[in-house]
Every structure is written in structure tokens, then in C-alpha cells.
Amino acid sequence: MNESEKIWWNGELVPWKDARIHVLSHVVHYGSSCFEGIRCYKTAAGSKVFRLREHVRRLLESAKIYRFAVPYDKAALVQAVLDTIRANKLEACYVRPVIFRGYGSLSVSPAGIPIETCIAVWEWGAYLGKDALENGVDVCVSSWSRAATNTFPTAAKAGGHYLNSQLIKMEANQNGYAEGIALDPNGYVSEGSGENVFLVRDGILYTPALAHSVLSGVTRDAVIRIAQDLGFHVRERAIPREWLYICDELFFTGTAAEISPIRSVDRLPVGEGRRGPITEKIQERFFQIINGAAPDPDNWLTSVPG
Ligand SMILES: Cc1ncc(COP(=O)(O)O)c(C=O)c1O
């Protein structure tokens, strides 16, 4: 890991190496955490955090679903993220807030167990490899499905859910793919281990509706709005698996993956087998907004005070 200096822990900035928990903490045994992944970009006008308020909102919604009594509100957490970036003097970084059940008892019931809130930041480059954004990645359809409705609430970004993501990612990597796309329990396309998915067919964008066991991605929402702004139709719906093989373009969206084209699925080329023109247009606008080269009408960027 690219270690930085300080981690925000329940309101204090502590040295990176001192941010430790006990091995018998509830979270270690039962996956009881909610977290976010956020990016802070270096721009000509200083460091800017992408959609910070939306990420903090989702963090608090995840915590609400899992009945965490979080002692901080949205404004306090937004400020804490900015303070942590500034304290670490990083111009560009990945931001990881995590709220978890700490040390108290190992009963499955979390009653009486303290809630811990931490924010770490560190330097992190392209998630799916250096040239993924331009050349695209090779993926497979996972043999693992996403969780069925009313098992794990996929609107929550919770630690335990990522055991399923690990199965998808490990299987894909061991078979030589950069990532796996999982189906929902009914066999419709759901998402990658840590990314939402979009496809293009006949000039129209399609992405699985939220009912298909997907996380409501902040980048997914940004891409829907950018695509509509550029004049494309976007349809959120059920997507059969075979559309992955016959679409013209396919790409992942996510904070870590940003907008990453997919060039093959199960060894079948997607379209021409490289980044498609609509993917490129959306990617271009996305990075223009981040860099300040295109307007930011919805205030997606929050400046990190110097
Ligand atoms: C399972 C899963 N789906 C989708 C996403 C994309 O979400 P976002 O764009 O908010 O990062 C992520 C990443 O957070 C994820 O872990």
C-alpha cells in the first residue's frame, strides 16, 4: 500500500501505523462494516473530490440499512474527508471512509458494540491496469451470482457483501481475465465485483436496473447524466446474458475503475474488440468535467481547502 501519514479515527487524526483494532472486533468475524470509495483528483484549479456529498450520503444510507448508530452527520463527514486529505498533503488520492462495529462481544447481535468511524486516504492509480482506460479489458461471465433480493441489501455498500465480490474477482483473475461480470439470481446481467456495467447497442445505452442486485453506483449515475447530456438514450432494464456477446460496446463504471472499456467477454470480442466511439465520448466528457475543461453544472467537484 502507498501509506500516507494520518488516518481520521472518531474525530482525531492518528498516525497511519497506530490505526489498529483488536482481533476480536465484531467486524473481523462478521463483516460488519459500511464503507465508501471516493476519488480526489489533481486539477489545474487545485485538488477536487468527485461527488463527495453523494458518497457520504450513500455511506450513511448503508449505515442506516445495517442499523449502525453513527455519531456524525453528512456535513461532519464531508468536512472530515476534506480535513483528512489536507492533513496528508496529497494532491490526488483515493479516499476510504469506513464505519464498523468494534470490540465488545462476539455475539452476532451487535447490541452494545461500539461504532468506529475512520477515514483513510492514499495514492492509487488505475484500478484495472495502466492501459485499461484506453485499450479496454478482457472479462468473463462469473460462475458466481450476485445476492438475491432480500438476502443482502445491495443498496448498501457493506463489508460482508465483498466476500461475494472476492469470489468473482479471484475466479476471473485465476482464469486470466481482468474482471468478472456476475449475473443476478435470475440470470440477468448484474455487475462486476466492484463496478457497474453499461452496454451500447444500436446507439442506445443499457444498464441493469437497480432491481438486478446492483450497487447504485455514483459513477453509474454520473454516466447516465453525461450520456443524456450528450444526446444518447439510456435505458435501465433487465439485460439478458447474451447481450454481452452481441452488443457494440461494453464498459465498466466505478470510482476505482472510472470508465473502463471492455474489449472481450468470455473470449468473444465486443464490437471491434477495442474501445468504442460512444464509450470514448462519455469517457472524454467525464474526464473533462473532472479536469475543469467542461462545465460542472451540478457541482460534482468539491475543492479541498489549501
Ligand atoms: C459492487 C460494486 N458495484 C458498483 C460499484 C461502483 O460504484 P461507484 O461508482 O459509486 O464507485 C462499486 C464500487 O463502489 C462496487 O463495489
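The values are calculated or read from the model by the stated rules, or taken from the named source; none is laboratory data. Please read all numbers here as calculations on a predicted model, not as lab measurements. Positions of Cβ are generated from backbone atoms using ideal geometry, with glycine treated the same way; all protein chains shown enter the neighbour counts. The accessibility values were calculated without ligands, DNA or RNA, using every heavy atom of the protein model including side chains. Shrake-Rupley method; radii C 1.70, N 1.55, O 1.52, S 1.80 Å.
Remarks
- The chain, helix-only ellipticity at 222 nm - DSSP H runs n ≥ 4, -39,500 (n - 2.57), divided by all residues, nearest 500: -8000 deg cm²/dmol
- Sequence-distant contacts, meaning Cα pairs under 8 Å at least 6 residues apart, place the relative contact order of the chain at 20 percent.
- Around the amide H of CYS247, modelled in the peptide plane, lies no amide H under 5 Å away from a residue 5 or more places distant or on another chain.
- Computed from backbone phi with θ = phi - 60° and the Karplus coefficients 6.51, -1.76 and 1.60, the 3J(HN,Hα) list for segment 33-50 is 9, 10, 8, 9, x, 9, 10, 10, 9, 8, 10, 4, 9, x, 7, 9, 9, 7 Hz; x is used for glycine and proline.
- For the chain: rounded, prolate or oblate by the Cα gyration tensor [a/c cutoff 1.5]: oblate
- Of LYS17/LYS169; LYS42/LYS281; LYS48/LYS169, those spanning more than 24 Å from alpha-carbon to alpha-carbon: LYS17/LYS169; LYS48/LYS169
- Amide H to amide H, with H built 1.01 Å from N, ARG51 comes under 5 Å of LEU301, THR302, counting only residues 5 or more places away or on other chains.
- Phi-based couplings in Hz for segment 5-14 (Karplus 6.51, -1.76, 1.60; Gly and Pro marked x): 8, 10, 10, 7, 10, 6, x, 10, 8, 10
- Straight-line cross-link partners of LYS64 among the lysines, defined as a Cα under 24 Å from its Cα and at least 8 positions apart when in the same chain: LYS74, LYS157.
- Euclidean distance between Cα centres, segment 236-306 to segment 104-121, Å: 36
- Close amide H pairs (under 5 Å, H built 1.01 Å from N) link ILE7 with VAL14, TRP16, residues at least 5 positions away or on another chain.
- Among residues other than GLU272 with Cβ under 15 Å from its Cβ, the summed charge is -1 (Lys and Arg +1, Asp and Glu -1).
- In sequence order, calculated HN-Hα J values of segment 172-184 (Karplus, 6.51, -1.76, 1.60; Hz; x Gly/Pro): 4, 4, 5, 9, x, 9, 6, 7, x, 9, 8, 9, 7
- Rounded, prolate or oblate (a/c below 1.5 giving rounded, otherwise prolate when a/b exceeds b/c) for segment 110-214 by Cα gyration tensor: oblate
- In this structure PHE232 has an accessible area near 40 Å², from a 1.4 Å probe over the protein heavy atoms.
- Length-normalised contact order of segment 95-221 in % [C-alpha pairs under 8 Å, at least 6 apart]: 20
- Of all DSSP bridge pairs formed entirely within the chain, close to 80 percent run antiparallel.
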